[in-house]
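Encoded as structure tokens, the structure appears first; notes follow it.
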Amino acid sequence: MTSYQTTLNQLIEAICKHDSIIAYQKAHDRLMQTSYHQKAYQMKRHQQDSHLFQKIAKNQAAKLSETSAKNLEAELNSLPLIVDYRDKMQDASDLLQYITKTIENKLNKEITNGNS
């Protein structure tokens, strides 16, 4: 295994063991054990239908689909499990963005200094 691959595997392992990633995975697992993901799918379908109906000038159907989508979105947004999931997802995303930015900055510095 190359030094690069070894380092990459160590980084992946460290990320997977980070508290924010573990918390996100647990929140995701809890969410998947409910029917909320089905409601999210229904909401997306209503949004897509609304967009399609607008394109084919079916304004009444578009408004109905849009209202259904907004109602489902409001219902989902008010659920503590969803709020917790989104918070955990944001924390995990922030961590990954920080790591990515740090690696990018170090690589750019190495390239700029000619130490690549």
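Every number here is computed from the coordinates shown, using simple stated rules; none is lab data. Just so you know, these numbers come straight off a predicted model, no measurement behind them. Virtual Cβ from ideal backbone geometry, glycine too; neighbours counted across all protein chains shown.
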For the chain, longest principal axis from Cα atoms; helix 80-112 axis from its Cα atoms; angle between them, nearest 10 degrees, is 40
The exposure ranking of Asp87, Asp49, fewest beta-carbon neighbours within 10 Å first, is Asp87, Asp49
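Can you divide the C-alpha Rg of segment 75-114 by 2.2 N^0.38 Å and report the result to two decimal places?
1.89
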By the Kirkwood definition, with r running over pairs of different Cα atoms, segment 18-100 has a hydrodynamic radius in Å of 14.3
So the angle from the long Cα axis of helix 36-55 to the longest Cα principal axis of the chain, reported in degrees to the nearest 10, equals 70
